[in-house]
Amino acid sequence: MTEPKVPAAESVQAAQESAEPSSAKAPAKAPTKAAKAAPAKTAAKGETKAEQQPSTVGNRDAWARLATANNSSRTIPELLKKAGIAGWTVTANPMVAVIPSGKCTECRKPVGVKHTADCLMGQELPAASGAAGKVEVEHTSIPLEVPGLWSLVKMNPQDPAKSVHIAHTNREATPVSVDVRGAILSELLKVLPGAKTGAAGPLWEGTASFATVRVPDLVSVGKVDKVEIRAVLVNSLMPGKGSTVRVMPVHTGTHTVIPVTLPGLPDRVELDPNNNQDSRITEASQALDLCFRMAEEFGEVANKLLRKKMTIREFQDFADTVLNDKPMPSAGPSQFKLYDTRTGVVEALFRGEVDLTAKIKGTRWAALLSVLAWVQNIKPTKTGGELGDRDRAMSALFPHRESLNTAQTALNLLTADL
């Protein structure tokens with residue numbers, strides 16, 4: 001798509017305003033059947049704002065909202081360092097249980113009896129009189145090795161005492177760091193035409209991290225729109241949670257990620273859990289191949305969607321099915337208000353009433369981007385603010401189950417008869 005005449009955030013705002021009854025661009029629609037069934041619970045006449053207003057995220061997609069660094073790095077090691085995820089050393093250490101022995105580990109006095117005068121443990125907790133304190137249970141703790149279990153510890157090189165246990169495992173293996181696996185992205189950066197570094201940052205409270213290579217404008221949709229391809233290394237330090245290189249299209253105009261699989265084409269390369277150089281060479285090759293195949297095959301799908309027109313009624317039914325948010329007649333006023341806002345916003349995007357979608361209006365391609373823009377960037381969140389934006393990003397990128405992947409659900413419906 002050509003560069004919008006106004007910034008993306010303003011265009012989305014324009015779409016939101018078009019949902020209001022006072023907008024010249026989107027006149028008030030007839031009440032939905034659900035609204036007719038419960039007139040007392042719909043918004044009062046002249047009321048233009050829902051209790052929860054949709055937010056705009058400006059020029060950031062889901063990956064960018066999770067990142068601690070975005071772009072402007074010449075190399076992958078530089079990106080990892082800027083994002084604060086470089087140098088995460090995780091070691092596997094034998095696990096121990098700390099159990100009470102009943103006697104001070106220093107002076108061997110039992111619990112409740114005073115420490116000896118020269119006991120270091122007692123000197124740390126002197127009594128009010130200045131005499132040595134009594135032995136407490138925590139003074140008697142001794143380590144007991146737990147066979148077959150290892151603690152994964154993220155080491156703090158500046159202060160080892162501040163190192164953090166992140167998980168336990170029954171394999172005496174050290175997780176592969178993002179610094180090591182970053183070599184896969186470095187290869188993609190070197191080979192993919194026009195590739196640049198992208199977003200990077202920690203995930204799941206520091207138990208994983210991600211880093212990105214992006215290829216702008218790799219996919220042409222007709223002569224009016226562009227899609228970039230992202231290769232995202234998701235590096236897990238947790239046992240049982242594999243590391244991958246995910247490949248997905250991203251529409252930079254609406255700042256929507258499209259994490260989908262296509263028939264016969266996965267959306268990721270699963271990585272060897274072991275630190276194996278030969279495996280990384282193979283994985284880099286597989287990721288490179290997947291980038292080119294995703295660009296080619298998703299481009300074909302996107303162009304088919306662009307050529308296929310939809311009526312506004314077809315779009316309304318499609319949006320209601322994908323978003324599954326049409327209120328029941330017994331719903332409260334806030335749900336009807338939010339639904340009215342949502343229908344106004346996505347229909348304005350679909351009809352091309354904002355610069356972002358003006359050249360693709362009324363097509364299935366516009367339908368896909370409209371519902372994704374609502375879910376990922378505009379729909380109000382329960383928590384609000386930066387935390388709400390991050391929650392929404394995580395839901396888009398890491399849904400708890402595949403049925404919650406809005407992008408896949410929408411694409412499947414739109415391509416079912418193509």
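The values are calculated or read from the model by the stated rules, or taken from the named source; none is laboratory data. Remember, predicted model here, so these are calculated numbers, not experimental data. Virtual Cβ from ideal backbone geometry, glycine too; neighbours counted across all protein chains shown. Just the protein is used for accessible areas: all its heavy atoms, side chains included, with ligands, DNA and RNA removed. Shrake-Rupley method; radii C 1.70, N 1.55, O 1.52, S 1.80 Å.
Structure notes:
- Percent accessible area from carbon and sulfur atoms, region 317-378, protein chains only, probe 1.4 Å: 49
- Solvent exposure of region 304-367 amounts to 43 Å² per residue of accessible area, where only protein heavy atoms count and the probe is 1.4 Å.
- Other residues whose C-beta falls under 12 angstrom from the C-beta of L368 contribute a net charge of +2, scoring Lys and Arg +1 and Asp and Glu -1.
- Relative contact order (percent, whole number), region 143-202, Cα cutoff 8 Å, 6+ residue spacing: 24
- If the segment from T261 to L404 were pulled out straight at 0.36 nm per residue, it would be longer than the present Cα-Cα gap by 50.1 nm.
- Rough spin-label spacing in nm, given labels placed 7 Å along Cα→Cβ, for T311 and E145: 7.6
- Rel. contact order, % - alpha carbon contacts under 8 angstrom, at least six apart, region 66-191: 29
- Surface analysis of region 168-228 yields an accessible area of 41 Å² per residue, using protein heavy atoms and a 1.4 Å probe.
- Sum of side-chain charges, A211 neighbourhood, beta-carbon under 12 Å (Lys, Arg +1; Asp, Glu -1): +4
- Surrounding net charge for A167, when Lys and Arg each add one and Asp and Glu each subtract one, Cβ distance under 13 Å: +2
- Projecting label points 7 angstrom from Cα along Cα→Cβ for T282 and K81 puts them 3.3 nm apart.
- Here, region 134-202 yields an orientationally averaged convex hull projection of 8.2 nm² when only Cα atoms define the hull.
- Rounded accessible area of H165 (nearest 10 Å², 1.4 Å probe): 100
- Solvent accessible area, Å² - E296, 1.4 Å probe, full protein context: 120
- Above-threshold pairs, the threshold being 23 Å between Cα atoms, out of K226/K337; K196/K382; K326/K379; K109/K162; K82/K382; K326/K359: K226/K337; K196/K382; K109/K162; K82/K382; K326/K359
- Span from the region 304-372 Cα centroid across to the region 71-107 one, whole angstrom: 47
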